[in-house]
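Undergrad: First, the structure itself, so that you have it in front of you.
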Amino acid sequence: MSNAVPPSTSAIATSAAAEEQPTGVGALRYILGKLGGAAISLAMVILLGFFAFKILPGDPVASIARERGMSAEQADQLREQLGLNKPLWQQFFDYLGNVFTLNFGTSYVYRTSVSELIGQYFWNTILLTGTAAVIAIALGLWLGQKAAWKHGSTFDRIVSGTSLVFWSVPTFWLALLLLMIFGGTLHWFPTGGMVSPNPPTDPVGIVLDVISHMVLPVITMVAVVYAQYLMVMRSSLLEEMGADYLTTARAKGLREDLVRRRHAVPNALLPTVTLVFMHIGGLIAGAVTVETVFSWPGLGKLTFEAISGPDLPLLQGTFVVFSTIIIVMNLIADLIYRQLDPRVRRA
């Protein structure tokens, strides 16, 4: 016969408090761990942004001197003005000081502040990639849940197969194809830039002019990206379709459309939400190809021109900005995933 004494009310309360405390501690530990990982990644990006571009082939001073017809003495003076005659360690500490003050120096090609250039072109990239991201996410999620609900049907095969084909196509190839057909042959859309050489003066005309320049680059970015959201949404929803709670919902008399929209889709969205934030950063960084092909005045085109220089301050500035966006988006995805998934909160 057991002589165990039942626990008192105070002991139960103490035990409950002890169980609750690790949850808050675990959340803080998780957040600090993710912040620490992001900080380490950013530090590695800053280091890479200096040393990786120092080993690029080509001498920026020699390139500028060739273009401007400068003498050897003038080239030496230019090298001194740009600080390229300093020891490598001194250049590195100058670079660190510029990065932490958000001053990336002066562009060799544009002869203006790199920070001003990035600020000027940044919002053009956000406009282009933001529009493409919204359309790709909406299209991918909508088609993904439709394809999963009609799994094995002709609609599912056509939608999945088409998306995989576009996903496999190189971005630059699709951009050039659209540019050649719809811009060069049919003349339906402008072939490059953000505004026409003689843009309209009225506000509505200006907006429509910008939209007409956005159509082809946005279609290119959407076509190669939406398949990721479609396939993840389709896979997640297929896993949910056999769940018991859907059988219960059907037993209550709910129509299939309501079962899908109210019960299955919200639960299937969990992995897709984190994918959205992770790929938005990559979409912005991947704008280099599209902006270069369509001559869109954004950070991507600016990066391409910096590589062609080579314009080291501009290249370092755009590299740090693109990498920071990706790191921040991945951090947001990790933090949101923890809030949405109780299994991660309990871990």
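The values are calculated or read from the model by the stated rules, or taken from the named source; none is laboratory data. The structure presented is a predicted model; accordingly, all values stated were derived computationally and were not measured. Note that each Cβ is placed from the backbone with ideal geometry, even for glycine, and that neighbours are counted across all protein chains shown. Surface accessibility is based on the protein's heavy atoms, side chains included, excluding ligands, DNA and RNA. Shrake-Rupley method; radii C 1.70, N 1.55, O 1.52, S 1.80 Å.
Undergrad: Which percent of the accessible heavy-atom area of the stretch 39-182 goes to carbon and sulfur, probe 1.4 angstrom? Numbers along the way, then the final one.
TA: Values: 5730 of 8510 Å².
After summing per-atom areas, the C and S share lands at 67 percent.
Undergrad: What part of the accessible area of the stretch 197-281, given as a whole %, is carbon or sulfur when the probe is 1.4 angstrom? Kindly include the intermediate steps, with their values, before the conclusion.
TA: On the way: 2710 of 4270 Å².
Answer for the stretch 197-281: carbon and sulfur cover 64 percent of the accessible area.
Undergrad: With axes computed from alpha carbons, what is the tilt in degrees of helix 114-149 against the longest principal axis of the chain, rounded to the nearest 10 within 0 to 90?
TA: Tilt relative to the chain: about 40 degrees.
Undergrad: Also, I was wondering about something else. So what's Rg/Rh here for the stretch 197-347, counting alpha carbon atoms and using the Kirkwood radius for Rh?
TA: Ratio of gyration radius to Kirkwood radius: 1.13.
Undergrad: Pairing the Cα long axis of helix 265-285 with the longest principal axis of the chain, what angle in degrees results, from 0 to 90 and rounded to the nearest 10?
TA: 10 degrees
Undergrad: Also, I was wondering about something else. If one takes the longest principal axis of the Cα atoms in the chain, at what angle in degrees, from 0 to 90 and to the nearest 10, does the Cα axis of helix 203-240 lie?
TA: With both axes taken from Cα atoms, the answer is about 40 degrees.
Undergrad: Next question, about the same structure. For the chain, with a Gaussian network of springs between Cα atoms less than 10 Å apart, report the residue from Arg255, Arg234, Arg157 with the top mean-square fluctuation.
TA: Arg255
Undergrad: Follow-up question, since we're still on this one. Rounded to the nearest 500, what is the 222 nm mean residue ellipticity of the chain from helices alone, with -39500 (n - 2.57) per DSSP H run of 4+ residues and division by all residues? Intermediate results must be reported in sequence, preceding the final value.
TA: Numbers: 14 runs with 255 residues, N = 347.
The per-residue figure over the chain is -25000 deg cm²/dmol.
Undergrad: Sticking with the crude label model, points 7 Å out along Cα→Cβ, report the distance from Glu80 to Ala39 in nm, one decimal please.
TA: 4.2 nm
Undergrad: Follow-up. Of the options Pro199, Ala62, Leu331, report the single residue whose Cα projects farthest towards the positive end of the charge dipole of the chain (beta-carbon charges: Lys, Arg +1; Asp, Glu -1).
TA: It is Leu331.
Undergrad: Where the eigenvalues come from the Cα gyration tensor of the stretch 74-139, what are the semi-axes √(5λ) of the equivalent ellipsoid, largest first, in whole Å?
TA: Numbers: eigenvalues 252, 40, 17 Å².
After scaling each eigenvalue by five and taking roots: 35, 14, 9 Å.
Undergrad: Using alpha carbons only, what's the Rg to Rh ratio of the chain with Rh from Kirkwood? Don't skip to the answer; put the middle values down first.
TA: On the way: Rg = 26.9 Å, Rh = 24.3 Å.
So for the chain, dividing Rg by the Kirkwood Rh gives 1.11.
Undergrad: Moving on. Please give the per residue accessible area of the stretch 64-173, computed with a probe of 1.4 Å over protein heavy atoms only, in Å². Before the final figure, lay out each step's value.
TA: Working: 6670 Å² over 110 residues.
About 61 Å² of surface per residue is accessible.
Undergrad: Cα to Cα, under 27 Å, and not fewer than 8 places away if on the same chain: which lysines meet these conditions relative to Lys301?
TA: Candidates past the 8-residue exclusion: Lys54.
Undergrad: At 10 °C and a viscosity of 1.306 mPa s, what translational diffusion coefficient does Stokes-Einstein give for the stretch 138-223, taking Rh as the Kirkwood radius over Cα pairs? Give it in µm²/s as a whole number.
TA: Details: Rh = 15.0 Å.
Rounded to a whole number, D works out at 106 µm²/s.
Undergrad: While we're here: So how much accessible area does Val225 have, in Å² to the nearest 10, using a 1.4 Å probe?
TA: Looks like 20 Å² after rounding.
Undergrad: Around Val159, with a cut-off of 10 angstrom between Cβ atoms, what is the net charge of the other residues, counting Lys and Arg +1 and Asp and Glu -1? Walk me through the numbers before you get to the answer.
TA: On the way: positive: Lys146, Lys150, Arg157, Arg234; negative: Asp156.
Neighbourhood net charge equals +3.
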